[in-house]
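Just below is one structure, and these are the notes that go with it.
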Amino acid sequence: MADNSVATPSLIELKNYAPPPYLVDLVDLTFKLDPATTEVKARLSMQRNPAGQGGPLRLEGRKLDLKSINLNGKDLAEGVDYTRDAEALTILNPPADGRIVINSVVEIHPDKNSELEGLYVSSNNFCTQCEAQGFRKITYFPDRPDVMARYTVTLIAPTDYPVLLSNGNKIGEGDLGDGTHFARWEDPFPKPSYLFALVAGTLTATRDSFTTRSGRKVALEIWTVAVDADKTDYAMDSLKRSMTWDEEVYGLEYDLDTFMIVAVSDFNMGAMENKGLNVFNTKYVLARPDTATDGDYQGIEAVIAHEYFHNWTGNRVTCRDWFQLSLKEGLTVFRDQEFSSDMNSAAVKRISDVRGLRAVQFPEDAGPMAHPVRPASYIEINNFYTPTVYNKGAEVVRMYQTLLGKDGFRKGMDLYFQRHDGQAVTCDDFRAAMADANGADLSQFERWYDQAGTPTVEVSQEWDAGAGVLSLTFKQSCAASPGQSEKRPYHIPFALGLIGTDGADLPVRLENEGPVDAGTRVLDLREASQTFRFTGFKDRPTPSLLRGFSAPVKLVSDLKADDLAFLAAHDSDSFARWEAGQTLAAQHLLQLAADWRAGRVLTLSPAVVEAMRLTLVDKSLDQAFIALSLALPAESYLAELVSEIDIEAIVEARNFARRTLGAELQKELRAAYQAGKSDEAFAPTADQAGKRALKNAALDLLCAAGDAQALDEAAAQYRAQANMTDVLAALGCLVDTDRRDRVEALADFEKRWKHDTLVMDKWFTLQALSRRSDTLAEVRKLLSHPSFDAKNPNKLRSLVGAFTSGNRQYFHAGDGSGYRFLAEQVVATDKVNKQLAARLVLPLGPWRRFDKQRQDLMRAALEQIKGTEGLSKDVYEIVSKSLG
Ligand code: B3K
Ligand code: ZN
């Protein structure tokens, strides 16, 4: 067990950034791999940074057993030539100029590394995770992204670790005759240490190749344990499509002769973009129709693309410091979103992404961990791989494209690569490339990087029937967030349509302007309040606001329920059309919640039912779009719309609405379910996935209404075992009930899949999300299930994480049992894997938003965690900020 404790965790601040005093040009590493004790020899060829401002020669290192260190051939002595603490080794009096060559030998212990950062063992194979600061757990090094070096790596291991991989190209291999063998790798591209990787063990490769448009033949390899080799087809296919897309859309080609992906089952996050050697969580590689859902396939496509795209946005051009993380993450998420959008239905992709943003990022932006896309400070950088940095960051990048147009955005990207290839740069450099390539003034746009919180845009209309003029007034504001009481106005691209009484788009024409075409127009909002006067109408047009979700803001408007229903039926912009229905539903759900709290009889608004009915039977609509429209706004999003969260009332109102919709739309839902049945062989296409989504959404609503026929259908759908999407959807319907099929199906699933750990994660999650009142007791029991392993991040997330972040009803039980469970789990997990533990705490963060009773219980749970001996700084940061 690791001692994580920190006496006084210090705050790292962006304003203190200074260039590295020393640079490393060449790194030569030799690993003698052994699970218990691995020896790491490092030769660093360094020099003083001519552009530096001076400072000590500091090599970060954590939990390293130092065996020897010498400088320019002279052995160094501790206390005389260098000092050392838990975080770093500092060379005293390094040579004033000339080349500095440091040779060090350290020993590390991969099999004791349960943090899954640095070099560790997963399923008897070695692998590494260095971002953000794991390289310092492998060797002494100036471990910061603005130190970019060329690496040569020799791996030596017993021959029962046949596969030896590292970054770049393999330049040698052989048997050493003593039961060990070696492989030598060279990466020609200078890279920051966080992109270093090695993998060693018994693995099987699925191979393919890709020829870039300039004719480079790239060997593609996906490495897995042997039993999983039949589940790599979709990942390989996604990889090839990503390579083609990046060439076509951005003119970006792959730059090495080999691109390798390794799937490992113990991994803290989704995947990692190490140069030429991506390491992936098995969850984002492995799929077969019987093991993976449509959602899993989409996740694989997106994450494979994301990591591949990092080769340019992240690796060739990297971050100067970790505050700039969104430079690579926001941009790369935007790129993977655009890729998935091009591969599937653009409308559905956009809606899903916005739904995700609102369910997770909006709450973060309104809570105690709120931080700007470019944070100004952190205690533990791993805590800042957040929805804000990733997903809001992607929205910020998207806004450049909305402001500059696709061509203008591409020009900006080209200039960015032209200026910065091979460099470590900042978000300002990216913004400057966008501005300079387009002759645009993007100075005010900086506020999106530096101010936290979700802005609100309030739109009000004034209709002058006599003049045929519609005036729209836009007022923007942004609530205070930790450390930022005053916010200045943002530069907001606001996409707008005006719709005539016949449902068609009208020209959005400003007063004193010549003729314009009908359709969407993007307004530039820059001030706290702005009014635009639109002209040329006979009848009052209906404004379609924030089309395509053109900015990550909360929209408040004076549109009436009738207007929303009209937009839900006619808007030509699919996002706005979906949004109108959601707004209608959200407003009504909040009313229902208030009714429930006041003890009034609940009645579902006929207007809401009717809007859903119209969507459900509209043959012109994409089926996936209909499925998304049937999904009621998430509990977490509803919670964002009120000042004090009455979670019980929200859950009750939403459950009531689901049940009632299921009953009122029974006929249409049954028809949709029947129409969606198909004998087609499973293919992970957008079309098929849309059909399944609608069919299963219909089944879900019918079952929510307790429809016995539908529940029988669900049981039959489970038994048919057509594909994992249908199996899981059916099981999801049964799991909330008391039926015997529930027990049978769960037992059957377990029997079928107990040897497939990734599939078993779904089984744990289903039970953790159940609406049955014994859920927490079941979750506790499952902690000792033979397939459960609290040290495995996927397992912990699938059971404990699913319950604490996904089951609002029972996590927020009024007796505090959910909170106490979370506190227990955090304290236990922190001893094993602090990054994982820190993520687990997050649902307690927004305690101030709840009722007094829950506030006290949540705060008590946070206090209990904070009072724990030996708490990691990861958990400390979240807990102390939450208690604020
Ligand atoms: N860059 C990695 C995330 C690393 C997280 C470190 N705690 C995966 C990605 O965003 O592509
Ligand atoms: Zn990324």
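The values are calculated or read from the model by the stated rules, or taken from the named source; none is laboratory data. Because the structure is predicted, anything quoted here is derived from the model rather than measured. Note: ideal-geometry Cβ built from the backbone for every residue, glycine included; neighbour counts use all protein chains shown.
Tabulated data
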| read-out | value |
| --- | --- |
| Residue among R597, R526 that is charged (D, E, K, R) and within 33 Å of the chain's Cα centre (by Cα) | R526 |
| Failed item in (1) within 16 Å of ligand 2 (Cβ to nearest atom); (2) of a type outside the set (K, R); (3) farther than 24 Å from F384 by Cβ; (4) assigned to a strand (DSSP E or B), with S340 passing the rest | (4) |
| Per-region count, the stretch 188-210, residues within 16 Å of Y140 (Cα to Cα) and of a type in the set (F, W, Y) | 2 |
| Qualifying residue in the stretch 785-802 (condition: touching a His at 6+ places or on another chain (Cβ under 9 Å) and assigned to a helix (DSSP H, G or I)) | yes |
| Residue in the stretch 464-471 that is of a type in the set (D, E), part of a strand (DSSP E or B) and within 12 Å of V553 (Cβ to Cβ) present | no |
| Odd one out for S326 among (1) polar (S, T, N, Q); (2) crowded, with 24+ Cβ neighbours inside 10 Å; (3) more than 16 Å from ligand 1 (Cβ to nearest atom) | (3) |
| Residue in the stretch 362-405 that is surrounded by the fewest Cβ atoms within 10 Å (Cβ to Cβ), counting only those that are more than 16 Å from ligand 1 (Cβ to nearest atom) and aromatic (F, W, Y) | F362 |
| Some residue of the stretch 459-481 being at positive phi and either free of Cβ contacts under 8 Å to residues at least 40 places away in the same chain or of a type in the set (S, T, Y) (or both) | no |
| Looking only at the stretch 131-178, and only at residues there that are charged (D, E, K, R) and free of Cβ contacts under 8 Å to residues at least 12 places away in the same chain, the one that is farthest from L220 (Cα to Cα) | D178 |
| Options G98, G134, G168; residue that is surrounded by 14 or more Cβ atoms within 10 Å (Cβ to Cβ) and over 30 Å from I379 (Cα atoms) | G168 |
| Search result, residues across the stretch 366-416 that are in a helix (DSSP H, G or I) and under 14 Å from I878 (Cα atoms) | I381, N382, N383, F384 |
| Residue list for the stretch 121-143, filter: within 16 Å of ligand 1 (Cβ to nearest atom), under 25 Å from R58 (Cα atoms) and not in a loop (DSSP other than H, G, I, E, B) | T128, Q129, F135, R136, K137 |
| Some residue of the stretch 249-260 being surrounded by fewer than 22 Cβ atoms within 10 Å (Cβ to Cβ), under 20 Å from the mean Cα position of the chain (by Cα) and away from ligand 1 (no atom under 13 Å from the Cβ) | no |
| Hey, A197 within 21 Å of P289 (Cα to Cα), within 16 Å of ligand 1 (Cβ to nearest atom), in contact (Cβ under 8 Å) with a residue 40 or more places away in the chain and in contact with a Leu (Cβ under 8 Å, 6 or more places away or on another chain) or not | no |
| Hits in the stretch 581-613 (condition: among the hydrophobic types (A, V, I, L, M, F, W, C) and under 14 Å from A634 (Cα atoms)) | L584, A585, A586, L589, L590, A593 |
| Evaluation of D290 against (1) within 11 Å of ligand 1 (Cβ to nearest atom); (2) surrounded by fewer than 24 Cβ atoms within 10 Å (Cβ to Cβ) (one fails), failing number | (1) |
| Filter pass, D428 being in contact with a strand residue (DSSP E or B) (Cβ under 9 Å, 6 or more places away or on another chain), under 19 Å from F445 (Cα atoms), more than 16 Å from ligand 1 (Cβ to nearest atom) and of a type in the set (D, E, K, R) | no |
| Verdict on Q674 being polar (S, T, N, Q), more than 28 Å from the chain's Cα centre (by Cα) and part of a helix (DSSP H, G or I) | yes |
| Number of the condition not met by R213 [criteria: (1) surrounded by 14 or more Cβ atoms within 10 Å (Cβ to Cβ); (2) among the basic types (K, R); (3) not in a strand (DSSP E or B)] | (1) |
| Residues that are within 8 Å of ligand 2 (Cβ to nearest atom) and among the charged types (D, E, K, R), drawn from the stretch 304-333 | E307, K328, E329 |
| Helices (runs of 4 or more DSSP H) contained in the stretch 679-768 and holding at least 3 residues more than 32 Å from the chain's Cα centre (by Cα) | 708-720, 740-753 |
| Residue in the stretch 139-159 that is within 22 Å of T30 (Cβ to Cβ), in contact with a helix residue (DSSP H, G or I) (Cβ under 6 Å, 6 or more places away or on another chain) and either buried (at least 23 other Cβ atoms within 10 Å of the Cβ) or at pLDDT 95 or above (or both) present | yes |
| Pair list, Cβ under 6 Å, 6 or more apart: the stretch 285-309 residue under 21 Å from A394 (Cα atoms), other residue away from ligand 2 (no atom under 16 Å from the Cβ) and part of a helix (DSSP H, G or I) | I300/Y234; I300/A235; I304/A235 |
| Unmet requirement for A359, which otherwise passes all of (1) within 29 Å of A631 (Cβ to Cβ); (2) surrounded by fewer than 24 Cβ atoms within 10 Å (Cβ to Cβ); (3) modelled with pLDDT of 95 or more; (4) more than 15 Å from ligand 2 (Cβ to nearest atom) | (3) |
| Check on T282, over 29 Å from D687 (Cα atoms) and more than 14 Å from ligand 2 (Cβ to nearest atom) | no |
| In the stretch 79-120, the residues that are under 18 Å from N167 (Cβ atoms) and either within 16 Å of ligand 2 (Cβ to nearest atom) or assigned to a loop (DSSP other than H, G, I, E, B) (or both) | E117 |
| Boolean, D296 is more than 10 Å from ligand 1 (Cβ to nearest atom) and within 30 Å of K751 (Cβ to Cβ) | yes |
| Yes/no for H306 being within 23 Å of Q835 (Cβ to Cβ), more than 11 Å from ligand 1 (Cβ to nearest atom) and either crowded, with 24+ Cβ neighbours inside 10 Å or not aliphatic (A, V, I, L, M) (or both) | no |
